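The values are calculated or read from the model by the stated rules, or taken from the named source; none is laboratory data. Since the model is a prediction, treat every value here as computed from it, not as a measurement. No Cβ is skipped: glycine too gets one built from the backbone with ideal geometry, and neighbour counts run over all protein chains shown.
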Amino acid sequence: MIIEQADVIVTSPDRNFVTLRLVTDEGIVGLGDATLNGRELSVVAYLQEHVVPLLIGRDAHRIEDTWQFLYRSAYWRRGPVTMAAIAAVDVALWDIKAKAAGMPLYQLLGGASRTGLLAYGHASGRDLPELFDSIRHHQSLGFRAIRVQTAIPGLRAVYGVAAQTQVSGKRYDYEPAQRAALPVEEDWDTRAYLRHVPTVFEAVRNEFGPELPLLHDGHHRMTPIQAAKLGKALEPYDLFWLEDATPAENQEALRLVRQHTTTPLAIGEVFNTVWDYQQIIREQLIDYVRSAVTHTGGITHLKKILDFAAQYQVKSGMHGPTDISPVGMAAAMHLGLAIHNFGIQEYMRHGEATNTVFRQSFTFEDGLLHPGDEPGIGVELDLEAAAAYPYQTAYLPYNRLLDGTVHDW
Ligand SMILES: [Mg+2]
């Protein structure tokens, strides 16, 4: 089966998405997600200029060979742009192979290891009553695990809080990247954050009891000793995980955090390859791998990372914000259903416009996601609907400390 056609489709229903669409000589269509939030067009150019010309005429069944060819023949390896582009090709080829086999993709990956994927949703609030309402709302939607993010007294706008007034005047609900010519500036004060967050988790535990799994995202803003302090302070509230406690590229930083706290650690949404995880998995410095299929070279490479992680009892916790397109989410669900060391799946839910562009077969029932049983990954891209939403410039915000220093956002 030969790849005859390869198109890169950019659409912006609720936010920008980049999708690779492959068509074989047998007329089978495969989709891959190449969305890199805030840097979308760099992957479009990488695919259109340097990858699409290499795909035409290739055997669509040779997934591993195509992966190795794209990775090694470029010479310049790794990085989010390269790995998102390779991921899109990889997922599109798995979609094609599963359609050709007449099976949902998870069957080709070994079949289902569970009935569904435990998913966590994003609750947030500017104050405790608003946060409690948000948690209850997510429980009413079926979520059995909840991420808790909170505004910080004295700060204007903080990552992950949906209802707070943004500098742009818009809400965060579906997407923190804001459609504007320049990125929005937010403010940050780590000491104020470290004082406030434990009081919020204490209040949430008092209100919702000991059983509800709670998660929290530090979003790379702490030093190792600050992260250690927060992990220790949160121990009484029994978190499912503390995510991105430190900037993830310094793998050694996790040693210090680990020495001080038993709060489980999750990291890696900005990682691209198994080599970014080598030390922290081998030294058992983390508990969950946060990589998405979309940003880690696709199913082929993320499965290798998760198989490596399984040797150390480290589980999956795949990234699932709205900038992972329905195509990327579907790929994650098939992989998560098949592997043994699945942990939890982030599920932020896409907006209505996105769901009209991408027709999806997945279900979310009783807190569990399932990719469905259509052949392939179970997503169809409506080209006409996609064309109605052209690309719009949008950037993620960035942080400055109170003295004006740029800080991790
Ligand atoms: Mg995160």
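If the condition is being more than 28 Å from ALA34 (Cβ to Cβ) and in a helix (DSSP H, G or I), then the range 89-127 contributes no residue at all.
Filtering the range 14-23 to residues that are modelled with pLDDT of 95 or more and either surrounded by fewer than 21 Cβ atoms within 10 Å (Cβ to Cβ) or touching a Pro at 6+ places or on another chain (Cβ under 8 Å) (or both) leaves ARG21, VAL23. Considering the range 67-121, the residues that are under 22 Å from GLU40 (Cβ atoms) and small (Gly, Ala, Ser) include one that is surrounded by the fewest Cβ atoms within 10 Å (Cβ to Cβ), namely GLY79. Among the residues of the range 30-54, the one identified as of a type in the set (A, V, I, L, M, F, W, C) and free of Cβ contacts under 8 Å to residues at least 12 places away in the same chain is ALA45. If you filter the range 269-298 down to residues that are over 11 Å from the mean Cα position of the chain (by Cα) and among the polar types (S, T, N, Q), you find that the one that is nearest to TRP241 (Cα to Cα) is GLN284.
For the range 184-205, the criterion of being within 16 Å of the ligand (Cβ to nearest atom) and either under 30 Å from TRP67 (Cβ atoms) or touching a Pro at 6+ places or on another chain (Cβ under 7 Å) (or both) is satisfied by at least one residue.
The residues in the range 216-230 that are within 13 Å of the ligand (Cβ to nearest atom) and either outside any loop (DSSP other than H, G, I, E, B) or of a type in the set (Asp, Glu) (or both) can be counted, and the count is 2. One residue stands out among those in the range 257-267 that are crowded, with 23+ Cβ neighbours inside 10 Å and either at pLDDT below 95 or not in a loop (DSSP other than H, G, I, E, B) (or both): the one that is farthest from the ligand (Cβ to nearest atom), which is VAL257. Selection within the range 235-256: residues that are under 19 Å from ARG147 (Cβ atoms) and away from the ligand (no atom under 16 Å from the Cβ). The member of this set that is surrounded by the most Cβ atoms within 10 Å (Cβ to Cβ) is TYR237.
Matching residues to (1) away from the ligand (no atom under 16 Å from the Cβ); (2) farther than 19 Å from MET83 by Cβ; (3) in the same structural domain as GLY79 (by TED's automatic domain parsing):
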| site | (1), (2), (3) |
| --- | --- |
| GLU269 | no, no, no |
| VAL274 | yes, no, no |
| ILE286 | no, yes, no |
| THR300 | yes, no, no |
| LEU306 | yes, no, no |
| GLN313 | yes, yes, no |
| VAL327 | yes, no, no |
| ALA330 | yes, no, no |
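Residue-level analysis places ASP323 outside the set of residues that are away from the ligand (no atom under 14 Å from the Cβ), within 21 Å of the chain's Cα centre (by Cα), among the acidic types (Asp, Glu) and modelled with pLDDT of 95 or more. When you check GLU130 against the structure, is it in the same structural domain as ALA245 (by TED's automatic domain parsing), among the acidic types (Asp, Glu) and either within 20 Å of the chain's Cα centre (by Cα) or assigned to a loop (DSSP other than H, G, I, E, B) (or both), yes or no? When the stated conditions are applied, GLU130 does not pass them. Within the range 351-365, the residues that satisfy the criterion of being modelled with pLDDT of 95 or more and in a loop (DSSP other than H, G, I, E, B) are SER361, PHE362.
Taking the conditions exactly as written (surrounded by 15 or more Cβ atoms within 10 Å (Cβ to Cβ) and among the hydrophobic types (A, V, I, L, M, F, W, C)), does ALA45 satisfy them or not? Taking the combined requirement at face value, the residue does not satisfy it. Annotation: of all residues in the range 288-298 being within 16 Å of the ligand (Cβ to nearest atom) and not in a helix (DSSP H, G or I), the one that is nearest to MET83 (Cα to Cα) is THR296. Considering only the range 277-305, how many residues are in contact (Cβ under 8 Å) with a residue 40 or more places away in the chain and surrounded by fewer than 22 Cβ atoms within 10 Å (Cβ to Cβ)? So the answer is 3.
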